[in-house]
Amino acid sequence: MYDFSFVKPGTVADAVTALASEDAQALGGGQTLIPTMKQRLASPAKLVSLTGIADMQGVSQSGGVLSIGGATTHAAVSAQAGGFAGLAALAGGIGDPAVRNRGTIGGSLANNDPAACYPSAALATGATIVTNTREIAADDFFQGLFETALDEGEIITAVHMPIPEASNYQKFEQPASRFALVGVFVAKYASGVRVAVTGASEGGVFRWSEAEAALGANFSPDAVSGLSVAPGDMIEDLHGSKAYRAHLVKVMTSRAVAAAG
Amino acid sequence: MTKLSMTVNGKPVSGNVEGRTLLVDFLRQDLHLTGTHVGCDTSQCGACTVHVNGVAVKSCTMLAAEADGADVATIEGQANADGSLNVIQQAFQDHHGLQCGFCTPGMVMATADLLKNNPTPNEADVRHHLDGNICRCTGYHNIVKAVLAASGQDVDAVAAE
Ligand SMILES: Cc1cc2nc3c(=O)[nH]c(=O)nc-3n(C[C@H](O)[C@H](O)[C@H](O)COP(=O)(O)OP(=O)(O)OC[C@H]3O[C@@H](n4cnc5c(N)ncnc54)[C@H](O)[C@@H]3O)c2cc1C
Ligand code: FES
Ligand code: FES
């Protein structure tokens, strides 16, 4: 890891100012960024830690919406998001306990790893990603592998998720990395069902619209049994072929519906 | 260089570190607390697990500067005041929860973290909680036994896998 300077501001405004300098980068829990810097795939001149900003911590609920501070750890979401059980379970299944004690929701969404868990919840709930300058709809936020709508130096300060009537996340774990080989988040609302898939596609997290339509008409595990996902866009690596991942998307969706009840 | 101070195993310590100094390097190289091990340095193995403000973290994946002002606990602070092994350490010895011992400091710290929040875990809880701690010797079975024994439960009930 190349050396850098380190600052830990106490407010969003001070963090934004600190991030304005050249080659400055935000540091959340460091569970992705520190390993990346060790490999010298990133070499910022300055790290601006967001973990000392009280306004970016914690989970609250009002009017059917769960609000999560951008620097809230996975462990805190798992413990505090009781009003949205599907999300609490997702957070409690990320990585391992030590990763969950440091890693943050803002870092996970900003990183947009194609195998990360949170992007599926954000997309399936139609979340609003709040930054220091604007609000971004989840449908516009994720823009492909490791790509998001965030501008240089923009900070995710909070995430607002409409709480579904029923929801569940099914993760087919890749046991070595502990990330999702395929993960599916199903969220049922009065207005319809949203299904978001992570881990599977070369384009990153995506909504499976055929399943959404089928489940909107009939919210049961069998509703997706006649559907199939085109394997063309799926990821292929030593852990699974395109066809294997395409098949898993369907199986995980069906399991998520069964578990959501 | 950044000046920092923290409490490690109940004692105040301070030092000067580079931005990039990892917590594990500060512990091992500056404080000479070499009980915390580096197994992978890629955030995978958990050998470097310590507690920061009461929760388990991978000290190879946290900057020392980020722990400024924190309360840190390492394996060196785990023994009883009279120097005898604490209940977790003793259970690892009694149940052969280690062979080479390289993973053991991290296992003990992860176990302490588990038992603090869940004093009587079942076998599945133990395996889930130790997900991030890799042991290449024991096959985990005796580690799970040791953790259950440390929580005061009957270990004969654990079936071999
Ligand atoms: C062993 C292991 C297993 C893991 N397993 C899983 C898993 O199963 N599922 C999963 O989803 N993830 C997994 N992760 C990743 C983990 O969830 C990370 O915590 C997460 O991807 C990044 O969050 P962070 O807070 O650590 O961000 P950092 O590593 O600090 O930052 C990541 C990126 O986001 C930027 N950033 C950070 N915070 C913000 C913010 N608030 N606003 C804007 N930009 C920001 C940083 O500049 C950087 O580019 C795993 C990690 C490890 C080490
Ligand atoms: S040395 Fe830190 S996780 Fe392996
Ligand atoms: S006892 Fe050797 S690695 Fe666990």
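The accessible area of A:T104, taken with all protein chains in place and a 1.4 Å probe, comes to roughly 10 Å².
Using the Cβ-Cβ distance between A:D139 and A:D222 with R0 = 35 Å, the FRET efficiency computed as 1/(1 + (r/R0)^6) comes to roughly 0.80. Can you list the lysines whose alpha carbon is less than 21 Å from that of A:K171, not counting same-chain residues fewer than 8 positions off? Hits, sequence-local ones excluded: A:K188, A:K242, A:K250. Among beta bridges identified by DSSP and lying wholly in the stretch A:1-136, the antiparallel ones come to about 50 percent.
What Kirkwood hydrodynamic radius do you get for the stretch A:166-260 when you take the inverse of the mean 1/r over all pairs of distinct Cα atoms, in Å? Don't jump to the answer; show the numbers that get you there.
Numbers: mean 1/r = 0.0765 Å⁻¹.
With all distinct Cα pairs of the stretch A:166-260 included, I get 13.1 Å.
In this structure, the amide hydrogen of A:V182, modeled 1.01 Å from its nitrogen in the peptide plane, lies closer than 5 angstrom to those of A:F172, counting only residues at least 5 positions away or on a different chain.
Among the trypsin sites (Lys or Arg not before Pro) in the stretch B:82-136, those placed in a DSSP loop whose Cβ has at most 14 other Cβ atoms within 10 Å are B:R136.
On a per residue basis, the stretch B:17-161 carries 42 Å² of accessible surface, using protein heavy atoms and a 1.4 Å probe. Which of the lysines could be linked to A:K8 by a straight reach, that is with a Cα gap under 30 Å, when you skip same-chain ones fewer than 8 residues away? Excluding near neighbours in sequence, the set is A:K38, A:K46, B:K3, B:K11, B:K58, B:K116. Applying the Karplus relation 6.51 cos²θ - 1.76 cosθ + 1.60 with θ = phi - 60° to the stretch A:154-170 yields 3J(HN,Hα) values of 7, 10, 7, 9, 7, 10, 10, 10, x, 7, x, 5, 8, 7, 6, 10, 10 Hz, where x marks Gly and Pro.
If both residues of a DSSP beta bridge must be in the stretch B:2-76, then about 90% of such bridges are antiparallel. Averaged over the residues of peptide B:68-74, the number of Cβ atoms from other protein chains lying within 10 Å of each residue's Cβ is 1.
Note on surface exposure: B:L98, A:L248 rank B:L98, A:L248 by accessible area, highest first, 1.4 Å probe. A straight chain from A:A258 to A:S241 at 0.36 nm per residue would run longer than the Cα-Cα distance by 3.6 nm.
Per residue of B:41-54, other chain Cβ atoms within 10 Å of the residue Cβ number 3 on average. Each stretch of four or more DSSP H residues adds -39500 (n - 2.57); spread over every residue of chain B, this sum gives -7000 deg cm²/dmol at 222 nm. Shielding of peptide B:18-25 by partners, expressed as the average count of other chain Cβ atoms within 10 Å per residue Cβ, is 4.
Which length gain, in nm to one decimal place, applies between A:S43 and A:E22 when the Cα-Cα distance is subtracted from 0.36 nm times their residue separation? Walk me through the numbers on the way to the answer.
Details: separation 21, 0.36 × 21 = 7.56 nm, distance 1.19 nm.
Full-extension gain reported as 6.4 nm.
Adding -39500 (n - 2.57) for every DSSP H run of four residues or longer, then dividing by how many residues chain A holds, sets the calculated 222 nm ellipticity at -8500 deg cm²/dmol. Which is the longest part of chain A that has none of the trypsin sites (Lys or Arg not before Pro) sitting in a DSSP loop with at most 16 other Cβ atoms within 10 Å? Longest run free of exposed loop sites: A:135-261.
Heavy atoms of chains A and B lose about 2100 Å² of accessible surface on contact, summed over both sides with a 1.4 Å probe. Relative to one another, the C-alpha centroids of the stretch B:51-123 and the stretch A:211-233 are positioned 46 Å apart. Pull up all non-local amide H partners of B:N9: gap of 5 or more, or a different chain, and H-to-H distance under 5 Å with H placed in the peptide plane. Result for B:N9 returns B:V72, B:A73, B:T74.
How large is the dipole of the stretch A:182-261 about the Cα centre if only Lys and Arg carry +1 and Asp and Glu carry -1, each at its Cβ, rounded to the nearest 20 debye?
Numbers: 7 positive and 7 negative charges, 48 e Å.
It works out to roughly 220 debye.
Here chain A carries DSSP beta bridges of which approximately 85% are antiparallel, counting only pairs with both residues inside.
The values are calculated or read from the model by the stated rules, or taken from the named source; none is laboratory data. Model, not experiment: these values are computed from the prediction. Every residue, glycine among them, receives a Cβ derived from its backbone with ideal geometry; neighbour counts consider all protein chains shown. Side chains are part of the model used for accessible areas, which takes the heavy atoms of the whole protein and leaves out ligands, DNA and RNA. Shrake-Rupley method; radii C 1.70, N 1.55, O 1.52, S 1.80 Å.
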